[in-house]
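**Student:** Got a structure for you, written out below as structure tokens; questions coming shortly.
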């Protein structure tokens, strides 16, 4: 009975430690940056710069970018009229996180449609 309790406790600790693997994804200061942006929307450029830093640091250290960061960064690129760069970020999100394929495919189509519009239509 005592051995079963010890084994159950050991398995619980092993399981829980596997769930909290540090360094599995690179979040950088995403949460602080997002919070700052939500509190003060004029901090958009700072938030976008933080996402650029996270992506750049992940590429240098060969760690996986946390889920959603490529997608959000691509969305802000698309909003600023950089559709081809946005498509590249959506593709990376789709590659890294296959469960996002349907949404990212829709975002890619939207960005491509936006890039095909004349400049006058984009401003309206």
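The values are calculated or read from the model by the stated rules, or taken from the named source; none is laboratory data. Keep in mind it's a predicted model, so treat the numbers as computed, not measured. Quick reminder, even Gly has a Cβ in these numbers, built from the backbone with ideal geometry, and neighbours come from all protein chains shown.
**Student:** Filter segment 90-102 down to the residues that are part of a helix (DSSP H, G or I) and either touching a strand residue (DSSP E or B) at 6+ places or on another chain (Cβ under 8 Å) or touching a residue at least 24 places away in the same chain (Cβ under 8 Å) (or both), then identify the one that is surrounded by the most Cβ atoms within 10 Å (Cβ to Cβ).
**Tutor:** 93
**Student:** Name the one entry in 68, 18 that is surrounded by fewer than 16 Cβ atoms within 10 Å (Cβ to Cβ) and either at pLDDT 95 or above or closer than 21 Å to residue 111 by Cβ (or both).
**Tutor:** It is 68.
**Student:** Assess whether residue 51 counts as being under 22 Å from residue 25 (Cβ atoms), buried (at least 18 other Cβ atoms within 10 Å of the Cβ) and either touching a helix residue (DSSP H, G or I) at 6+ places or on another chain (Cβ under 8 Å) or modelled with pLDDT of 95 or more (or both).
**Tutor:** yes
**Student:** Looking only at segment 65-88, count how many residues are in contact (Cβ under 8 Å) with a residue 24 or more places away in the chain and in contact with a helix residue (DSSP H, G or I) (Cβ under 6 Å, 6 or more places away or on another chain).
**Tutor:** Looking only at that region, the number is 11.
**Student:** Scan segment 33-47 for residues that are buried (at least 17 other Cβ atoms within 10 Å of the Cβ), closer than 18 Å to residue 80 by Cα and within 18 Å of the chain's Cα centre (by Cα) and jot them down.
**Tutor:** Matches in segment 33-47: 37, 47.
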